[in-house]
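The values are calculated or read from the model by the stated rules, or taken from the named source; none is laboratory data. These numbers were taken from a predicted model, which means no experiment stands behind them. For neighbour counting, all protein chains shown are included, and Cβ atoms are generated from backbone atoms with ideal geometry for every residue, glycine included. The protein model used for the area step is the full one, side chains on, heavy atoms only, and it has no ligands, DNA or RNA in it. Shrake-Rupley method; radii C 1.70, N 1.55, O 1.52, S 1.80 Å.
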Amino acid sequence: MSAKIAVLAGDGIGQEIIAATLGVLECLQQEFGFAAELEHAAIGGAGYDAYGQPLPEQTLAVCQQADAILFGAIGGPQYDGLERDLRPEKGLLKLRSSLSLFANLRPAILYPQLADASSLKSELVAGLDLMIVRELTGGIYFGEPRGIRVLENGERQGFNTLVYAEHEIERIARSAFDIAMLRERRLCSVDKANVLEVSELWREVVSRVGLDYPEVELNHMYVDNASMQLVRAPRQFDVMVTSNLFGDILSDTAAMLTGSIGMLPSASLDANARGMYEPVHGSAPDIAGKNLANPLATILSLAMLLRYSLRELELAERIETAVGEVLDRGIRTADIAGAAASVGTSEMGMAVVTALRSAASR
Ligand code: NAD
């Protein structure tokens, strides 16, 4: 059966990195019999320019009918003056909430060839491959009541509410266990159960869900210890699952371990593993249109799309292996080249295609 993939290139370098990634997708179709129907749609500033809205209705409809969405990046200085609801970022937020994408997957992978780019010693991080699963639509960022009130003594007080219902914990736990099943089958649930009642419930529900996954080794860690362990010995982790707030912080820490923003893919999934796949970085207006952007984060997002939404595990691995081979050959875009010579966005995309083609003929 043919997979339906919505392609939203967006703004800035979005166009270039998606073009390079579609070259890789086309190669999978030609060389490995992968069947996919692509539908392109406008989002962000491009949506506003074409239809006056950052998430045009027809774009939402295309995404609702797709099995997965491949997303580039949105935003640019020319849209900064627009009223808040019309800004490109709003399109992305609306899309995530309209599709109930509650599980945010943030892998931190450090290819051994790039170990020097990390802020940690290379012997600690070379070969790092961990996945943080962050709850994205609940917790303290959305809890009510919230606000700033004036107390009787006239002092102002800010307040937010940390709430998680059992079903919210259960569904993110299930997503994380499912992901662990596709990896090394080790899951670390991160909470603050020694202080917070919400975390007590979190721990209880995650443990209960774990009974359905006897092959996965589950452990629990307090968030303060987890943040310490991430910079002390990050390779001890396979999959981590945590709440919105803790995940926001831990996933950025883990991302920094890998050194380059141009290498980091991500995904946001719903309860049926339908999802949106995008690089972690933005539209990089400073280098847009110059064939300078690193397309590997987007190409690796396509690999995630194949693994998590389409269950095409072999094709996902082929892409990741091809990226490793390209790095082995010393091919680098400017952001990861250091003092060495570099190639452009399209050349990097072609290098991955060449590596895939030569694997097909071996
Ligand atoms: P950015 O991620 O776009 O860029 C930060 C720095 O990293 C820049 O110097 C950029 O040149 C570099 N960089 C980013 N991606 C790169 C790549 N693939 N290859 C090489 N270098 C790369 O963040 P920013 O500058 O803070 O934001 C620019 C615009 O992007 C803003 O409008 C912002 O709102 C938007 N944004 C969008 C998303 C998204 O689409 N998901 C995420 C973050 C920021």
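For the stretch 129-242, calculate the relative contact order in percent as a whole number, restricting contacts to Cα pairs under 8 Å that are 6 or more residues apart. Each step should come with its number before you reach the end.
Numbers: 172 pairs, mean separation 40.0, N = 114.
Normalised by residue count, the contact order of the stretch 129-242 is 35 percent.
If you roll a 1.4 angstrom probe over the protein chains with everything in place, what fraction of the accessible area of the chain belongs to carbon and sulfur, to the nearest %?
Numbers: 8130 of 16120 Å².
Taking all protein chains in place, the chain shows 50 percent carbon and sulfur surface.
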**Prompt:** Between Leu93 and Ala339, what is the FRET efficiency for a Förster distance of 30 Å, r being their Cβ-Cβ separation, to the nearest 0.05?
**Reply:** 0.15
**Message:** Give me Rg/Rg_expected for the stretch 38-187, where Rg uses Cα atoms only and Rg_expected = 2.2 N^0.38 Å with N residues.
**Reply:** 1.38
**Message:** In Å, what Kirkwood hydrodynamic radius results for the stretch 126-175 from the alpha-carbon pair distances?
**Reply:** 13.7 Å
**Asked** What is the spin-label model distance, in nm, from Leu182 to Ile249 if the labels are put 7 Å beyond Cα along the C-beta direction?
**Response** 2.9 nm
**Prompt:** Among the aspartates and glutamates, which have Cα under 18 Å from the Cα of Lys290 when same-chain residues fewer than 8 positions away are ignored?
**Reply:** Asp11, Glu16, Asp335, Glu347
**Asked** Taking 0.36 nm per residue of separation and subtracting the Cα-Cα distance, what length does fully extending Gln157 through Gln113 add?
**Response** 10.8 nm
**Item:** Amide hydrogen neighbours beyond the local backbone of Val280, cut-off 5 Å, H modeled
**Value:** Leu264, Ser266
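Can you classify the stretch 129-242 as rounded, prolate or oblate using the Cα gyration tensor, where a ≥ b ≥ c are the square roots of its eigenvalues, rounded means a/c under 1.5, and otherwise it's prolate if a/b beats b/c and oblate if not? Don't jump to the answer; show the numbers that get you there.
Details: a/c = 2.72, a/b = 1.91, b/c = 1.43.
Prolate.
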**Request:** With a 1.4 Å probe and every protein chain left in place, work out the accessible area per residue of the stretch 129-242 in Å², rounded to a whole number.
**Result:** 52 Å²
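Across all directions of projection, what mean area in square nanometres is found for the Cα convex hull of the chain?
It is 20.4 nm².
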